[in-house]
Amino acid sequence: MIDRRRALAQLAALGAGTLMASAGTARDVAAQPAGKMSDVHHHVAPDFWLAQGGTPDEERVFKGWSVPRALELMDQSGLATAYASITVPGHRFDDPANARRISRACNEYMAGLRRDHPGRFGIFAMMPMPDVEATLAEIAYAYDTLKTEGVGLFTSYGDKYIGNAAFDPVFAELNRRHAVVFVHPTVAPCCTAVQPWLSTAQIEYGTDTTRAIVEYVFSTSSQRFPNVRMIWSHGGGTMPFLVQRFINSGNESLKSKTPNGFLAEAQKFFYDTAQVPSRGAMEALRAIVPVSQILFGTDYPYRTFDWTAQMLAQDAVFNPREMRQIFFDNTAALVAKARG
C-alpha cells in the first residue's frame, strides 16, 4: 500500500507546493510558470478509433473515457500538459489504405484537442508505418500543417523493428527535422500467445522495447541519425536489467559498429516512467542514464498521474531536485529544443 501522506510530503519538497493536496492547490501549481508538470505518455482514443475494434484491455480501459474527464483528472493532479498519443493499432493497420486514413484522422483529432484546450495537450503524431512513402507524407503534414511536437512510432511493425534499414528514409527525414520520437511497444508476431492465460502486454511490451532499442543501436541508427530524440516507453523495458549483456557482447561485428559502446548510445535516449515507477526499475534506469534523460509518463488511462507520482515519491530513488527535473524540466527542455 502506498502511504499517500508520506508521498505528498515528499512531493511538496519539490518547491512548487503540495502538488496533490487538493484540487485547488493542484490547479495553482499547474498555473505556475516554473511548475508545469508534463506527461509524455498519455493516450487518447477518438470514437472512430474505438469503433474499429481493439484489444480487450483497450475496450475495458477506455470504457467511459472522455476528454473532459481526462482534463478533470489532470486539474486535480496538478498536471499542466499531456502529450497525446494513440494506443497500439492492432488490426486497424492491416490494410495500408486504412492506416493512412486513420493516422490522418487521429492526427487531426489530436491537433483539435490542442487547439480547443490551449496549453493542455501536445501531439505525438501517429504514422501509417510500415508504409514508408505514406509515412514521409504524414511527417510533412504533421510538422508543416499541424505543427506537431513530435512523432509516435511503435517498437516493431510485423517482423521489422524500427532500426531496420527499410525504415532509414523515415529516420533520415526525422533527423532532418530534429524530431522527438515517442516509441510505444507492441507485440511481435512471434510472441502473441506464448502463455495464452497471461496478457501479452505484461511481458512482451518490455521485451519488444528492449529488442527495438538494441536493434536501433547496433544497426547504427543512433549514430547515423543523431538529431532524432528518442523517448522509449516504460523505462526502456528490460534493457536496464540486461544492459551488461549488450555492453559485453562478444560479437565483434556489433562492437565494430558501435565504437563508443552500447552504453554511450543508450545514454543518448530518453526514457519515461510509465508503468515502472517503483524502486527496482528506477534504480536500474538511473544507474545507466543521467536523470536528465528520464521523463514523467503515466500511461493514462491505464495508470494515473497520482499513482505514478506517489510511487516515485514513496520509493525516494530521486532527490527533490531530480524529481523536479523529471516532473518539469526535462520535458520542457526537450520540447523547447524540438520547436527550435
For this session: Might you check whether a residue that is more than 18 Å from the chain's Cα centre (by Cα), closer than 24 Å to Asn227 by Cβ and β-branched (Val, Ile, Thr) occurs anywhere in the stretch 118-137?
Result: yes
For this session: Could you figure out which of (1) at pLDDT below 95; (2) touching a helix residue (DSSP H, G or I) at 6+ places or on another chain (Cβ under 9 Å); (3) surrounded by fewer than 22 Cβ atoms within 10 Å (Cβ to Cβ) isn't true of Lys268?
Result: (1)
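Looking only at the stretch 37-51, which residues are of a type outside the set (D, E, K, R) and loosely packed, with under 14 Cβ neighbours inside 10 Å? Reasoning before the result, please.
As a first pass, look at the stretch 37-51 and keep what is of a type outside the set (D, E, K, R): 37-38, 40-46, 48-51.
Once the filter is applied, which keeps residues that are of a type outside the set (D, E, K, R) and loosely packed, with under 14 Cβ neighbours inside 10 Å, the stretch 37-51 yields Phe48, Ala51.
Just the residues that are of a type in the set (D, E, K, R) and over 22 Å from Ala309 (Cβ atoms), please, taken from the stretch 62-93. Full working, then the answer.
Restricting attention to the stretch 62-93, the residues satisfying the condition of being of a type in the set (D, E, K, R) are 63, 69, 72, 75, 92.
Hits for the stretch 62-93 are Lys63, Arg92.
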Exercise. Which condition does Asn175 not pass, out of (1) part of a helix (DSSP H, G or I); (2) buried (at least 22 other Cβ atoms within 10 Å of the Cβ), if it passes all the others?
Worked result: (2)
Seminar exercise, completed: Among residues of the stretch 284-326 being touching a helix residue (DSSP H, G or I) at 6+ places or on another chain (Cβ under 6 Å), in contact (Cβ under 8 Å) with a residue 60 or more places away in the chain and assigned to a helix (DSSP H, G or I), the residue nearest to Pro46 (Cα to Cα) is Phe305
For this session: Would you point out the residue of the stretch 193-206, among those that are surrounded by fewer than 20 Cβ atoms within 10 Å (Cβ to Cβ) and under 22 Å from the mean Cα position of the chain (by Cα), that is farthest from Glu265 (Cα to Cα)?
Result: Ser199
Problem set entry | Selected residue [under 16 Å from Asn107 (Cα atoms) and among the polar types (S, T, N, Q)] from Thr135, Thr210, Thr186 | Thr135
Exercise. Right, Ala281: in a helix (DSSP H, G or I), among the aliphatic types (A, V, I, L, M) and farther than 21 Å from Tyr300 by Cα or not?
Worked result: no
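The values are calculated or read from the model by the stated rules, or taken from the named source; none is laboratory data. Remember, it's a predicted structure, so these values are computed and weren't measured experimentally. For neighbour counting, all protein chains shown are included, and Cβ atoms are generated from backbone atoms with ideal geometry for every residue, glycine included.
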